[in-house]
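> Can you keep this structure in mind? I'll have questions shortly.
The values are calculated or read from the model by the stated rules, or taken from the named source; none is laboratory data. Note that the structure is predicted; figures quoted are calculated from it, not measured. Note that we place each Cβ from the backbone using ideal geometry, even for glycine, and neighbour counts take in every protein chain shown. Ligands, DNA and RNA are excluded from the accessible area calculation, which covers all protein heavy atoms including side chains. Shrake-Rupley method; radii C 1.70, N 1.55, O 1.52, S 1.80 Å.
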Amino acid sequence: INTAHPNPDYESARVFLKKHALQDGFAYEEVPLPSDNKVVIITFKGSDPSLPAMALNHHIDVVSAPNVEEWTTKPFDAKITDGVL
């Protein structure tokens, strides 16, 4: 999914994350921002609430992938070649 600037495809990325989060038993929530973008929150509750929580934070947009014609595979295809993504 091409989330490179200046035109990141946030919607496709959110659809992908939602599909897989729900499929794997996670809770999924979108929080709208004043910019009209959305923050995605994916939660998995463990079986023992007395244990400490863990949070992972990341962003889904990336820098552009210039000179695509020089790449051995398209930069956003996520192709596995010789066991390497």
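> Among Leu17, Leu51, Leu33, which one shows the highest mean-square fluctuation when the chain is modelled as a Gaussian network with alpha-carbon springs under 10 Å?
Looking only at Leu17, Leu51, Leu33, the biggest GNM fluctuation is shown by Leu51.
> Right, something else. Given a 1.4 Å probe and every protein chain left where it sits, what share in percent of the accessible area of the chain is carbon and sulfur? It would help to have the intermediate numbers written out before the result.
Numbers: 4210 of 7330 Å².
With neighbouring chains kept in place, the figure for the chain is 57 percent.
> Can you work out D for the range 44-84 in µm² s⁻¹ from Stokes-Einstein, where Rh is the Kirkwood radius over C-alpha pairs, the temperature is 10 °C and the viscosity is 1.306 mPa s? Could the numbers behind the result be given before it?
Values: Rh = 14.6 Å.
Using the Kirkwood radius from Cα pairs, D works out to 109 µm²/s.
> Taking the Cα centre of each part, how many Å lie between the range 28-42 and the range 43-69?
Between the Cα centres of the range 28-42 and the range 43-69 lies a distance of 14 Å.
> Using only protein heavy atoms and a 1.4 Å probe, report how much of Lys79 is accessible, in Å² to the nearest 10.
120 Å²
> Now a separate question. By how many nm would the segment from Glu69 to Phe16 grow when fully extended, if each residue of separation counts as 0.36 nm and the alpha-carbon distance is taken off?
On the way: separation 53, 0.36 × 53 = 19.08 nm, distance 2.65 nm.
Working it through step by step, the gained length comes to 16.4 nm.
> Using the heavy atoms of the protein chains alone and a 1.4 angstrom probe, what is the accessible area of the chain per residue in square angstrom? Could the numbers behind the result be given before it?
Numbers: 7330 Å² over 85 residues.
For the chain, the solvent-accessible area averages 86 Å² per residue.
> I've got another one for you. Angle, helix 10-23 long axis vs. longest principal axis of the chain, Cα atoms, 0 to 90°, nearest 10?
Long axis of 10-23 versus the principal axis of the chain: about 50 degrees.
> Using a/c under 1.5 as the rounded threshold, could you call the range 23-62 rounded, prolate or oblate? The axes a ≥ b ≥ c are square roots of the C-alpha gyration tensor eigenvalues, and prolate needs a/b larger than b/c, oblate otherwise.
On the way: a/c = 2.34, a/b = 2.11, b/c = 1.11.
It comes out prolate by the Cα gyration axes.
> Taking only Cα atoms and a 10 Å spring cutoff, compute GNM fluctuations for the chain and point out the largest among Val39, Val68, Val15.
Val68
> Can I ask one more? Aspartates and glutamates near Lys38 by alpha-carbon distance under 18 Å, same-chain residues fewer than 8 away left out - which ones?
Within the straight-line limit of under 18 Å, Lys38 reaches these aspartates and glutamates: Asp9, Glu11, Glu29, Glu30, Asp61.
> Sticking with this one: Which Cα, out of Ser12, Ala53, Asn2, lies furthest along the positive dipole direction of the chain (beta carbon charges, K/R +1, D/E -1)?
With unit charges placed on the Cβ atoms, the residue in question is Ala53.
> Next up: Report the far tail of the P(r) of the range 10-80, meaning the percent of Cα-Cα pairs longer than 15 Å.
Values: 1713 of 2485 pairs.
The calculated P(r) of the range 10-80 puts 69 percent of pairs beyond 15 Å.
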